[in-house]
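The values are calculated or read from the model by the stated rules, or taken from the named source; none is laboratory data. In this text the structure is predicted, and so the values were computed from the model without any measurement. As a convention, Cβ positions derive from the backbone with ideal geometry for all residues, glycine included, and neighbour counts pool all protein chains shown. Side chains are part of the model used for accessible areas, which takes the heavy atoms of the whole protein and leaves out ligands, DNA and RNA. Shrake-Rupley method; radii C 1.70, N 1.55, O 1.52, S 1.80 Å.
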Amino acid sequence: MKYAAELHGHRPTAGPAAGAAPSGSAPAADVSTRDRVTRLLLEQGATTAAQLGAALGLSPAAIRRHLDAMLADGDVAAREQTVRGHRGRGRPAKLFGLTDAARVRCGTHHYDNMATAALRWIARTGGSDAVEAFATDQVAALEARCRSAMEDAGDDLPARAEALAAALTAEGYAANATTIASGGQLCQHHCPVAHVAAEFPQLCEAETAVISRLVGTHVQRLATIAHGDGVCTTHIPAQPGRDQSGKPVTTVRTDR
């Protein structure tokens, strides 16, 4: 959520990539490849070794060599892929994602402590309502920029979702929109202040409300990076839900 990073005058920048070992400890070609792996994981979230290898043009043996080195360095972590429905023979493929330490080295969390301290002060002095008001105020500029970028999207829901994804990507969220059986899905693969949002879900809730207003229907947050998921996932139902006043109804995930 870039707007929160702007709280302290910081825009996310690409810092030293995770996996970049000190001079002399790894061949330059290996460091360059691991930089590419890091960027891909930062943009796409947790990914299988096969998908990484295909995207980077590397053989299974080559990508696993790099992933093993990054696992040893603490730059990536592996977990089993969740398989819904019928599962074939054999163990599920593993998903590889960046660790918190790697995200820090990518320049995504440098100001987390200051932002968290500021929001804790707001919570102590003004309560949760003040935090919510702050979060709402912070997303106002983001909403205005995205709305401007979506002017030509029309009223078609999938088109609006795609336009919003493009606008959010321009804001640094690495977002994409897809169509699924029950409607659409908006995924944000990057959150510069995930640690702050983990303690203050009002940031995620304000952002979700913005997404609802911009696409013109109620939405539901299914997963967030702040809660430990690899990607922020927002479901956009095919049939718009409306309250009695005719306004979009926003449903957000509030579990801590």
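Quick look at the values:
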item	result
Region 133-160, residues that are under 19 Å from residue 183 (Cα atoms), open to solvent by 40 Å² or more (accessible area, probe 1.4 Å) and without any contact (Cβ under 8 Å) to a residue 40 or more places away in the chain	156, 158
Lone qualifier among 55, 50, 69, 61 - being among the aliphatic types (A, V, I, L, M), in contact (Cβ under 8 Å) with a residue 12 or more places away in the chain, open to solvent by 70 Å² or more (accessible area, probe 1.4 Å) and not in a strand (DSSP E or B)	50
First in region 185-214 and aliphatic (A, V, I, L, M), second anywhere and in a strand (DSSP E or B) and modelled with pLDDT of 90 or more, Cβ under 7 Å, 6 or more apart	186/175; 186/177; 186/234; 186/236; 211/186; 211/234
Meets criteria (surrounded by fewer than 22 Cβ atoms within 10 Å (Cβ to Cβ) and hydroxyl-bearing (Ser, Thr, Tyr)) for residue 179	yes
Any hit, region 172-185, residues being closer than 20 Å to residue 206 by Cα, in a helix (DSSP H, G or I) and at pLDDT 90 or above	no
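Per-residue answers, yes or no, for (1) open to solvent by 30 Å² or more (accessible area, probe 1.4 Å); (2) in contact with a helix residue (DSSP H, G or I) (Cβ under 7 Å, 6 or more places away or on another chain); (3) at pLDDT below 95; (4) in a loop (DSSP other than H, G, I, E, B):
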site	(1), (2), (3), (4)
187	no, no, yes, no
190	no, yes, yes, yes
197	no, yes, yes, no
203	no, yes, yes, no
209	no, no, no, no
218	yes, yes, yes, yes
226	no, yes, yes, no
239	yes, no, yes, yes
245	yes, no, yes, yes
